[in-house]
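Visitor: Mind looking over this structure? Questions follow.
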Amino acid sequence: MFHVKEELVLSDKQEALVVGLFDQPVKFSGELANLDKAFDGQLTELVKSGDISAKLNKISKIHSLGKIGIKRIWFVGLGKEKELTFDHLRKAFGKTFKTIKANKLEEVSVYLDSFLTETINGLDAAHALSEAIALATYQFDHYKQKPNEPMKRLENITVYSTAAEKKEINASLTVGYAFGQGTNSARTLVNTPGNMLTASDLAAYAVELAAKYNFEVEILDKADIEKLGMGAFLAVNKGSSEPPKMIVLKYQGKEEWEDVIGLVGKGITFDTGGYSIKTKAGIVGMKTDMGGAAAVLGAMEIIGETRPEQNVVAVIPSTDNMISGNAFKPDDVITSMSGKTIEVLNTDAEGRLVLADAVTYAKHHGADYLIDVATLTGGVITALGVHTTGAMTNNDSLYEQVLEAAKEAGEQMWQLPLFESEKERVRNSKVADLNNSPGSEGHAIVAGAFIGEFAEDTPWVHLDIAGTATTSKEHDLGPAGATGVMTRTLALFVERFEPLKK
Ligand code: BES
Ligand code: ZN
Ligand code: ZN
């Protein structure tokens, strides 16, 4: 799909060329000077008149009308060179390729050298480009009788760069594309409705992923889950006619199984709320309650592609949360795998229950560090809105590494506090060790605190993506619907991970 070439020849026959323009004021230098010359200085004039804009995220298209071999040129406004960040660049590429996709082009060239700054080198720009192309052109195939408009795939992208070794640019394009594709896989899982993605389907998907990337895989079925005493996970599944699955994938990138990162993702394929049933309006959209699982699987796909020198165990508890004569109820007391007993006060607070056993099981598989990702609470939306993932931790050094990864991935994250006062609320029950719903004050925090009871002393970061897993609006890096949030953050975190000093 990507080809790297060094020299840009204006007379070569090409459908389209993408060029970056800095606002400084605009000077056409290097190969662009020749371009301006080929147009008898008209490009400079078009910039002056505002027909071509160098403002950040402004895209202008001109037709060459036969003056050169390249048919169309897309100018991508990049703003002030000093102010351009990696994230800006990724979004600008995203917006550009959305437009190009809408124009149904199958072949595009990118003049990468025109996008570089003092802090963004050719390898960074290549990563931003290929990641953005994958993300921005994502489309979820719907189920209408009238099929999706057949998508013209961008088949050929030629990247012109003299910036670094061709090989390295190529590798960077491949990695960036893998980050985009992993995110898109997560999006597709989240967009798929609950009747088409049961726990068994999710398990089958994980098995396929394992086969493709040579991961060790373990799928626990109901009998295994019972044997292991995962009473919290089983309680949530009790009302369902679909069997639960505990999905485990292992990737070993080090000689020894040490410094193991546990990635735990909430895999509720549909959340009715159970007997603490959701409202008519609140229940719609609950197919997305496996967004944490999707992010973990998306990250595993990227890890499978990039094969970092790290050890990872991914654990996904999957079931739907349904109502029937068998379903669990408020007031029930259940026993988790850890031995901790839980008084159920709200069956809609099911995510923390399945995660409790998953976190315990990740530790059984040797996880030395834990990151859990979950569409856990409406409370996080009240606290932080829909653009920011809520985070909690028992270890600030580990959190710093996650936050760094999130910044680089362009995913907003904000830490919520975990004080003793809130731990105490979770531990407050007359009949059990814990309760699963101590009231709605700060409920994003008490949900995290509950999971923390099972992480215990293991360094742990909790990520609540209830607000960020989906978006109601189209954006520069994708359509409305599932975002695949945290896929890239997790993958980057794993890639860069440095074990904490003991
Ligand atoms: N899956 C929901 C959280 C959620 C809400 C995800 C909105 C996506 C969008 C979770 O299981 C839930 O129902 N949480 C309750 C907890 C409450 C009962 C303590 C909530 O947030 O209302
Ligand atoms: Zn719920
Ligand atoms: Zn839920």
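Visitor: Which net charge results for the neighbourhood of D372, defined as the other residues with beta-carbon distances under 11 angstrom from its beta-carbon, given Lys and Arg at +1 and Asp and Glu at -1? Write down the numbers at each step before the final one.
Guide: Values: positive: K266, R352; negative: D464.
Charge balance near D372 sits at +1.
Visitor: First check a/c for the chain, with a ≥ b ≥ c the square roots of the eigenvalues of its C-alpha gyration tensor; if it is under 1.5, answer rounded, and if not, answer prolate when a/b is larger than b/c or oblate otherwise.
Guide: Prolate, because a/c is 1.5 or more and a/b exceeds b/c.
Visitor: Which percent, to the nearest 5, of DSSP beta bridges fully inside the chain are antiparallel?
Guide: Values: 28 of 70 bridges.
Antiparallel bridges: around 40 percent, rounded to the nearest 5.
Visitor: Let a ≥ b ≥ c be the square roots of the eigenvalues of the Cα gyration tensor of the stretch 266-363; is it rounded (a/c under 1.5), or, if not, prolate (a/b larger than b/c) or oblate?
Guide: Details: a/c = 3.68, a/b = 1.54, b/c = 2.38.
Oblate shape, in that a/c is at least 1.5 and b/c is the bigger or equal ratio.
Visitor: Step through the residues of the stretch 368-378 one at a time and calculate ³J(HN,Hα) from phi using the Karplus curve (6.51 cos²θ - 1.76 cosθ + 1.60, θ = phi - 60°), rounding each to whole Hz and writing x for Gly and Pro.
Guide: 8, 9, 10, 10, 10, 10, 7, 7, 8, 9, x
Visitor: Quote to one decimal, in nm, the extra length available between K329 and K146 on full extension: 0.36 nm per residue of separation minus the C-alpha distance between them.
Guide: Values: separation 183, 0.36 × 183 = 65.88 nm, distance 4.31 nm.
Net length gain for the segment: 61.6 nm.
Visitor: Whole Å is fine, so just give me how far the alpha carbon centre of the stretch 1-57 lies from that of the stretch 429-502.
Guide: 44 Å
Visitor: Calculate how steeply helix 122-136 sits against the longest principal axis of the alpha-carbon atoms of the chain, using the helix alpha-carbon long axis, and give the answer as 0 to 90 degrees to the nearest 10.
Guide: Approximately 70 degrees, to the nearest ten.
Visitor: As a test of the formula, what do you get for the chain when each DSSP H run with n ≥ 4 contributes -39,500 (n - 2.57) and the sum is divided by the residue count, at 222 nm and rounded to the nearest 500 deg cm²/dmol?
Guide: -11500 deg cm²/dmol
Visitor: Working out 0.36 nm times the residue gap between K254 and S472, then minus their Cα-Cα distance, what length gain in nm do you get to one decimal?
Guide: My answer for the length gained is 74.4 nm.
Visitor: May I ask you to order 382-394, 292-304 by the average number of other C-beta atoms within 10 Å around their residues, highest value first?
Guide: Result, highest mean Cβ count within 10 Å first: 292-304, 382-394.
Visitor: Determine which residues of the stretch 95-114 fall in the zone a paramagnetic label at R153 would reach in this model, i.e. backbone nitrogen under 20 Å from the point 7 Å along Cα→Cβ.
Guide: Within reach of a label on R153: 97-110.
Visitor: Putting +1 on Lys and Arg Cβ atoms and -1 on Asp and Glu Cβ atoms, find which of P438, S114, V313 reaches farthest to the positive end of the dipole of the chain.
Guide: S114
Visitor: What's the ranking of 352-363, 156-167, 451-462 by average number of surrounding C-beta atoms within 10 Å, highest first?
Guide: Descending packing order for the listed peptides: 352-363, 451-462, 156-167.
Visitor: To continue, here is another question. Measure nothing but the geometry: give the 0 to 90° angle between the long axis through the Cα atoms of 291-306 and the longest principal axis through the Cα atoms of the chain, rounded to 10°.
Guide: Around 50 degrees separate the two axes.
Visitor: Further, regarding this structure: Rounded, prolate or oblate, given the Cα gyration tensor of the stretch 55-121, with a/c below 1.5 counting as rounded?
Guide: Since a/c reaches 1.5 and a/b is larger than b/c, the shape of the stretch 55-121 is classed as prolate.
Visitor: Let me have the relative contact order for the chain, percent, based on Cα pairs under 8 Å that are six or more residues apart. The partial results should precede the final answer.
Guide: Numbers: 1161 pairs, mean separation 74.9, N = 502.
Relative contact order here is 15 percent.
Visitor: Using Cα atoms only, what is the angle between the long axis of helix 487-496 and the major principal axis of the chain, expressed in degrees (0 to 90) to the nearest 10?
Guide: 90 degrees
Visitor: Mind putting a number on the dipole of the chain about its Cα centre? Charges go on the C-beta only, +1 for Lys and Arg and -1 for Asp and Glu, and I need it in Debye to the nearest 20.
Guide: Result for the chain is approximately 1680 debye, rounded to the nearest 20.
Visitor: Continuing with the same structure: Can you give me the long-range amide H partners of S240? Hydrogens built in the peptide plane at 1.01 Å from N, cutoff under 5 Å, separation of 5 or more residues or another chain.
Guide: Here the answer is M322, since their amide H atoms fall under 5 Å of that of S240.
Visitor: When you count, for each residue, the other Cβ atoms within 10 Å and take the mean per peptide, how do 64-76, 258-270, 92-104 rank with the highest first?
Guide: The most tightly packed comes first, giving 258-270, 92-104, 64-76.
Visitor: Take the alpha carbon atoms of the stretch 196-275, find their center, do the same for the stretch 388-424, and report the distance between the two centers in whole angstrom.
Guide: Taking the Cα centre of the stretch 388-424 as reference, the centre of the stretch 196-275 is 24 Å away.
Visitor: Just to confirm a number: summing +1 for Lys and Arg and -1 for Asp and Glu over residues other than D464 whose beta-carbon lies under 12 angstrom from that of D464, what do you get?
Guide: Details: positive: K266, R352; negative: D372.
Spelling it out: positives minus negatives among the neighbours equals +1.
Visitor: Quick one: net charge of E7's neighbours, Cβ under 12 Å, K/R +1, D/E -1?
Guide: -2
Visitor: 7 Å from Cα along Cα→Cβ at both E456 and S11: what's the point-to-point distance in nm?
Guide: 7.5 nm
Visitor: Leaving out ligands and nucleic acids, note down the accessible area per residue over the stretch 328-421 with a 1.4 angstrom probe, in whole Å².
Guide: For the stretch 328-421, the solvent-accessible area averages 38 Å² per residue.
Visitor: Oh, and also: Give the Cα extents of the stretch 240-296 along the principal axes, in whole Å, largest first.
Guide: Principal axes ranked by extent give 52, 21, 15 Å for the Cα atoms.
Visitor: Follow-up question, since we're still on this one. If you bin every alpha carbon distance in the stretch 132-246 into 5 Å steps from zero, what whole percent lands in each bin?
Guide: Result returned by the calculation: 2, 9, 12, 14, 15, 14, 10, 9, 6, 4, 3, 1, 0.
The values are calculated or read from the model by the stated rules, or taken from the named source; none is laboratory data. As the structure is a computational prediction, the values presented were derived from the model and not from experiment. Cβ sites come from the backbone with ideal geometry, for glycine too, and all protein chains shown count toward neighbours. Each accessible area value is taken on the protein alone, full model and side chains, heavy atoms only, with ligands, DNA and RNA left out. Shrake-Rupley method; radii C 1.70, N 1.55, O 1.52, S 1.80 Å.
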